[in-house]
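Engineer: The structure follows.
None of the figures in this text is laboratory data; all of them are computed from the coordinates on show. Bear in mind that the values here come from a model prediction, so they are computed numbers and not experimental data. Cβ placement follows ideal geometry from the backbone for every residue including glycine, while neighbour counts extend to all protein chains displayed.
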């Protein structure tokens, strides 16, 4: 072996995309970051938290552009994958992504929530390949915890 990362592995795809999973934050209340029940893994809502712990904050439509909001959705997705890594030890144990539910902090007149959550959907599919194809909801919110631009939760089937 030449030490090259296997192109089909989740770790290889992360590296190819230039992504690193952030540290998993402790739950901020009386809930779990994830629950594994049989072959289902539910991941609690993840904010747009950067690896250094800071949040990408603000409302889409007044404080943030679509591109900045998509970056927030990508950060939420990376935090979801970090929770999966903590739960399973290996992202390749995901056999299917069932659902992403994305919340976008936006102004009352903003209507492009699906375009924002595409940032998360594209990242999940890019890292997990066929196992990353999922159903989804994209919902606008007047506010989100800690002023995070996005919050996204997920449900996976795992081996």
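Engineer: Can you pull a Stokes-Einstein diffusion coefficient for the chain at 10 °C (1.306 mPa s), Rh from Kirkwood over Cα pairs, as a whole number of µm²/s?
Structural biologist: Details: Rh = 15.7 Å.
Value of D from the Cα-based Kirkwood radius: 101 µm²/s.
Engineer: Sticking with this one: If the chain between residue 139 and residue 63 were fully stretched, how many nm would it gain, using 0.36 nm times the residue separation less the Cα-Cα distance?
Structural biologist: Gain in length upon complete extension: 25.6 nm.
Engineer: With the chain treated as a Gaussian network of Cα nodes joined by springs under 10 Å, which of 121, 54, 76 yields the largest mean-square fluctuation?
Structural biologist: 54
Engineer: Now for a separate question. If you find the alpha carbon centre of the range 85-159 and of the range 14-79, how far apart are they in angstrom?
Structural biologist: 9
Engineer: Using 0.36 nm per residue, how much length does the chain from residue 9 to residue 52 gain when fully extended, once their Cα-Cα distance is taken away?
Structural biologist: Roughly 12.9 nm would be gained on extension.
Engineer: Counting only C-alpha contacts under 8 Å and six or more residues apart, can you give the relative contact order of the chain as a whole percent?
Structural biologist: So the answer I get is 32 percent.
Engineer: Using only alpha carbon pairs under 8 Å that are at least six residues apart, calculate the relative contact order of the range 57-139 and give it in whole percent. Walk me through the numbers before you get to the answer.
Structural biologist: Working: 106 pairs, mean separation 34.2, N = 83.
Relative CO of the range 57-139 lands at 41 percent.
Engineer: Is the shape of the range 1-80 best called rounded, prolate or oblate, per the rule: a/c under 1.5 gives rounded, else a/b larger than b/c gives prolate, else oblate, with a ≥ b ≥ c the square roots of the Cα gyration tensor eigenvalues?
Structural biologist: oblate
Engineer: If you fit an axis through the alpha-carbon atoms of helix 66-88 and take the longest principal axis of the Cα set of the chain, what angle between them do you get, 0 to 90°, nearest 10?
Structural biologist: It is inclined by approximately 40 degrees.
Engineer: Compute the angle between helix 113-128 and the longest alpha-carbon principal axis of the chain, please, reported from 0 to 90 degrees and rounded to the nearest 10.
Structural biologist: 10
Engineer: Here's a follow-up. Where in the range 30-61 does the label zone of residue 146 land, with the point 7 angstrom along Cα→C-beta and an amide N cut-off under 12 Å?
Structural biologist: 46-57
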